[in-house]
1. Which residue is nearest to residue 168 (Cα to Cα), if the candidates are limited to region 111-132 and must be in contact with a helix residue (DSSP H, G or I) (Cβ under 7 Å, 6 or more places away or on another chain) and away from the ligand (no atom under 11 Å from the Cβ)?
2. If the Cβ limit is 9 Å and pairs must be 6+ apart or interchain, which residue in region 11-25 that is farther than 10 Å from residue 50 by Cα and touching a residue at least 12 places away in the same chain (Cβ under 8 Å) pairs with which residue that is near the ligand (Cβ under 8 Å from one of its atoms) and not in a helix (DSSP H, G or I)?
3. Consider only pairs whose beta carbons are under 6 Å apart and that are at least six residues apart or on different chains; among these, list those whose first residue lies in region 53-71 and is over 13 Å from residue 36 (Cα atoms) and whose second residue is within 8 Å of the ligand (Cβ to nearest atom) and in a strand (DSSP E or B).
4. Among the listed residues 153, 175, which satisfies the condition of being surrounded by 21 or more Cβ atoms within 10 Å (Cβ to Cβ) and in a strand (DSSP E or B)?
5. Answer with yes or no whether residue 17 is surrounded by fewer than 21 Cβ atoms within 10 Å (Cβ to Cβ), over 22 Å from residue 177 (Cβ atoms) and modelled with pLDDT under 90.
6. Which one of these is touching a strand residue (DSSP E or B) at 6+ places or on another chain (Cβ under 9 Å) and modelled with pLDDT under 95: 117, 93?
7. Only residues that are modelled with pLDDT under 95, more than 14 Å from the ligand (Cβ to nearest atom) and surrounded by 15 or more Cβ atoms within 10 Å (Cβ to Cβ): list them for region 24-49, please.
8. Suppose we filter region 56-83 for residues that are closer than 18 Å to residue 115 by Cβ and either at pLDDT below 95 or surrounded by fewer than 21 Cβ atoms within 10 Å (Cβ to Cβ) (or both); how many remain?
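The values are calculated or read from the model by the stated rules, or taken from the named source; none is laboratory data. Predicted model, so just to flag it, every value in this text is computed and none were measured. Ideal geometry is used to build each Cβ from the backbone, glycine not excepted, and the neighbour counts take in all protein chains shown.
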Ligand SMILES: C[S@@+](CC[C@H](N)C(=O)[O-])C[C@H]1O[C@@H](n2cnc3c(N)ncnc32)[C@H](O)[C@@H]1O
């Protein structure tokens, strides 16, 4: 069964000329939660090989923009409304790039599919993936408009309840979803934060230095 699911989404991605089967996960989230709309500005973290970027670019349309980031390069040139930066989310130059791209604007959605290279040691993979999801959340807390949405992938381990608490503090509604398009053998989940509340105080003071100030 796991093989059939993998095969089905893999084949579907190939048939549609998509860079990865991951496209179908964000497609589910977009459709079910009206996650992005035409004209939106969206951050795509962990964008390579480029499956999410293609779907997000379609959803925001020509008036919108996708800012895509990854350590690796994209498999093929992205759509015209995608601006790609190859770098590490932890590096200051990444934040500087985003700040320049936004030119004083804020984001409507922050999407993270970032994942470490999996070791197969569950507690280790869970810990590192939660660290990446924490960085994505910091980005969202800093750059999202009030009312904006957030999604991040992680492998839920010991740190998961504390992570959820932080997401709950920043969004009106929080959901944990396992998209149909995820491999059945994968323990990944996607944490959705819907409608940024914008009510936290002293946010700038709590940001890591790597995030350029707007
Ligand atoms: C599962 S893949 C993403 C698939 C992608 N969303 C797609 O639709 O094709 C996870 C990505 O996270 C990226 N990543 C991991 N750590 C990162 C970091 N510190 N900064 C930026 N990207 C990172 C990896 O390079 C990898 O390409």
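1. Our first condition is that a residue be in contact with a helix residue (DSSP H, G or I) (Cβ under 7 Å, 6 or more places away or on another chain); within region 111-132, this holds for 111-116, 118-119, 130.
With away from the ligand (no atom under 11 Å from the Cβ) added as a condition, the list becomes 119, 130.
Details: 119: 29, 130: 15 Å.
Among them, the one singled out is 130.
2. Correct list of pairs: 13/19; 13/20; 13/22; 25/113; 25/153.
3. 68/44; 69/45
4. Details: 175 fails: surrounded by 21 or more Cβ atoms within 10 Å (Cβ to Cβ).
None of the other options fit; the residue is 153.
5. Numbers: surrounded by fewer than 21 Cβ atoms within 10 Å (Cβ to Cβ): yes; over 22 Å from residue 177 (Cβ atoms): yes; modelled with pLDDT under 90: yes.
Yes, satisfied.
6. Details: 117 fails: touching a strand residue (DSSP E or B) at 6+ places or on another chain (Cβ under 9 Å).
None of the others qualify; the one that does is 93.
7. Those that are modelled with pLDDT under 95, more than 14 Å from the ligand (Cβ to nearest atom) and surrounded by 15 or more Cβ atoms within 10 Å (Cβ to Cβ): 33, 35.
8. To start, the set of residues in region 56-83 that are closer than 18 Å to residue 115 by Cβ comprises 56, 68-75.
Among the residues that remain, those that are also either at pLDDT below 95 or surrounded by fewer than 21 Cβ atoms within 10 Å (Cβ to Cβ) (or both) are: 71-75.
Residues flagged as closer than 18 Å to residue 115 by Cβ and either at pLDDT below 95 or surrounded by fewer than 21 Cβ atoms within 10 Å (Cβ to Cβ) (or both) within region 56-83 amount to 5.
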